[in-house]
Amino acid sequence: MADIDLNSMSLDDLKKLQKNVNKAVDGYQDKQRKEALAAADAAAREMGFTLAELTGVPGAKKTKTVSPPKYRHPENPEQTWTGRGRQPDWMKDALENGQSKDEFLIA
């Protein structure tokens with residue numbers, strides 16, 4: 001491998017080199033990961049299993065479940081709130097004005 005004199009390079013050249021090195025490292029890691037996965041899959045198949053069966057992980061990633069809305073703004077039905085997380089401003093205003101959360105429940 002050729003030695004590179006980094007001290008003689010401009011900042012732009014150093015950044016370009018850094019970008020190219022990062023791409024090369026990422027590509028190498030992806031290739032290694034795919035090879036390891038293929039080897040593990042082949043070993044599992046030799047034993048009569050799938051990789052998902054052995055790891056307990058289905059092939060797809062889990063999706064985040066979305067909670068259904070529990071409260072609805074009375075004047076603008078498009079504004080809803082699940083009752084989780086930060087309270088929307090319309091709900092804060094209503095509570096400050098003496099209204100109850102129960103008044104906004106979705107039947």
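Find the lysine pairs in the stretch 1-94 meeting two conditions, Cα atoms under 20 Å apart and a separation of 8 or more places or different chains, and report how many there are. Don't skip to the end; give the middle numbers.
Numbers: 15/23; 19/31; 23/31; 23/34; 34/61; 70/92.
Close lysine pairs found across the stretch 1-94: 6.
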Starting from the Cα gyration tensor of the stretch 3-98, take the square roots of the eigenvalues, sort them a ≥ b ≥ c, and report rounded, prolate or oblate (rounded when a/c is under 1.5, otherwise prolate if a/b is larger than b/c, else oblate).
-> oblate
Signed unit charges on C-beta, dipole axis of the stretch 48-107, positive-most listed residue 82, 105, 50 | 50
Check residue 79: other-chain or 5+ apart residues with amide H under 5 Å from its amide H, H built from backbone geometry?
-> 73
Sum of side-chain charges, residue 39 neighbourhood, beta-carbon under 12 Å (Lys, Arg +1; Asp, Glu -1) = 0
Solvent-accessible heavy-atom area per residue, rounded to whole Å², over the chain at 1.4 Å = 89
Treating the beta-carbon of each Lys and Arg as +1 and of each Asp and Glu as -1, no other charges, what is the dipole magnitude of the chain about its Cα centre, to the nearest 20 debye?
-> 240
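The values are calculated or read from the model by the stated rules, or taken from the named source; none is laboratory data. Please read all numbers here as calculations on a predicted model, not as lab measurements. Neighbour counts run over all protein chains shown; Cβ positions are idealised from the backbone, glycine included. Protein only, heavy atoms only, side chains kept; ligands, DNA and RNA dropped before computing areas. Shrake-Rupley method; radii C 1.70, N 1.55, O 1.52, S 1.80 Å.
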